[in-house]
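*Asks:* Okay, handing you the structure first.
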Amino acid sequence: MEWYERFEMPPPGNVRHPGQKGLDDFIRIGSNIAKNVYGALAPHLPREPEGGLKVLDFGCGVGRVAMPLYHHYNIPSHGVDVSPWCVSVIKKSLTAVDIHRISPLPPTPFEDNTFDAVYAISVWTHLPLEMQWPLLREVNRILKLGGVALISTSGFRALSYRRDHRKQDGWRGVSDDDLRLEGVIYKDCDPKNNDGVGAKYGYVAHDPDWIRSNWGRLFEIVNQFPAGIDGMQDINLLRKVRDVPPSDVSMIGLEGGS
């Protein structure tokens, strides 16, 4: 049985494109991303942790990645999202996964040092700059020491696609050199494209070098894989090596950007 036969598929909404083509894309992209996520995480997951493996899907949406991951690899154990609609949909499918609706800003409902791994796909690619660092700090807090986080970002491949193929307003004139100079660039999204998200968001581009310099002050940067998510978004693999007091990181990550 394939994963899309095992679980109830979401209704049109966050699938984005109604009709069979939208569902086909949902299944294809979800399958690809799940393989990318597990392939990057698996070498860093503990083999038989006490109490079972605890993995959080941070920004689970309607389960495009969580459903194939759970079917093939029995993760995630938990999921969170800001959208009440998305949470209501995914709970109907992934009944064995502990799903929570959260507020756009921390805290999440988890204790310190809870998870062996956290992954977030297409979350930091849309967050306003003032939200990015508090949520990154929250990921650090809820990870166990030695735990890993996989966070996708839009780097130079995604920037080129936005600029040259999608021709998105605000991105057509943004060059690779602009991103290298700024480090991180955020632009608001048209509100009509915001259905199902439940919070303000836009489009973000990150220079991988900027991530190493800034996020590396909070995590060990284990690896980066350009376009490692379905040939488009970058993978940033991070390890928690220490508990960081809030006073150490209150404004880090807000320098640069436009």
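*Asks:* Report the extension gain between Asp169 and Glu220 in nm, rounded to one decimal, defined as 0.36 nm multiplied by the number of residues separating them, less their alpha carbon distance.
*Replies:* Residue separation times 0.36 nm, minus the Cα-Cα distance, leaves 14.9 nm.
*Asks:* Shape of region 38-149 from its Cα gyration tensor (a ≥ b ≥ c, root eigenvalues): rounded if a/c is under 1.5, otherwise prolate when a/b > b/c, or oblate?
*Replies:* oblate
*Asks:* Further question on the same structure: How far is it, in nm, from the label point at Asp176 to the one at Lys91 when both lie 7 Å from their Cα along the line to the Cβ?
*Replies:* Distance between label points: 4.6 nm.
*Asks:* Could you state the accessible area per residue of the chain in Å², with a 1.4 Å probe and every protein chain left in place?
*Replies:* Per-residue value: 46 Å².
*Asks:* Then there's this: What is the percent carbon and sulfur in the accessible area of region 1-119, measuring with a 1.4 Å probe over the protein chains and ignoring ligands?
*Replies:* The nonpolar share, carbon plus sulfur, comes to 48 percent.
*Asks:* About the Cα centre, and with charges only on the beta carbon of Lys, Arg (+1) and Asp, Glu (-1), how big is the dipole of the chain? Nearest 20 debye, please.
*Replies:* The dipole of the chain has a size of about 340 debye.
*Asks:* Going by average Cβ neighbours within 10 Å, how do the peptides 213-225, 125-137 rank, with the highest at the top?
*Replies:* Most protected by this proxy first, the peptides run 125-137, 213-225.
*Asks:* Quick check: convex hull of the Cα atoms in the chain, volume per residue, rounded to a whole Å³?
*Replies:* 119
*Asks:* May I pose another question? Just to make sure I understand: if all protein chains stay in place, what is the order of Asp178, Asp25 by accessible area at 1.4 Å, largest first?
*Replies:* Asp178, Asp25
*Asks:* Oh, and also: Just want to confirm a number: the relative contact order over region 1-156, from Cα pairs under 8 angstrom separated by 6+ residues, in percent.
*Replies:* So the answer I get is 23 percent.
*Asks:* So what does Phe115 come to for accessible area, using a 1.4 Å probe and Å² rounded to 10?
*Replies:* Spelled out: Phe115, probe radius 1.4 Å, area about 0 Å².
*Asks:* If you count the DSSP beta bridges with both ends in the chain, what percent of them are antiparallel, to the nearest 5?
*Replies:* 55
The values are calculated or read from the model by the stated rules, or taken from the named source; none is laboratory data. Bear in mind the structure is a predicted one, so any value in this text is a computation, not a measurement. Positions of Cβ are generated from backbone atoms using ideal geometry, with glycine treated the same way; all protein chains shown enter the neighbour counts. When the accessible area is computed, the model is the full protein with side chains, heavy atoms only, and any ligands, DNA or RNA have been set aside. Shrake-Rupley method; radii C 1.70, N 1.55, O 1.52, S 1.80 Å.
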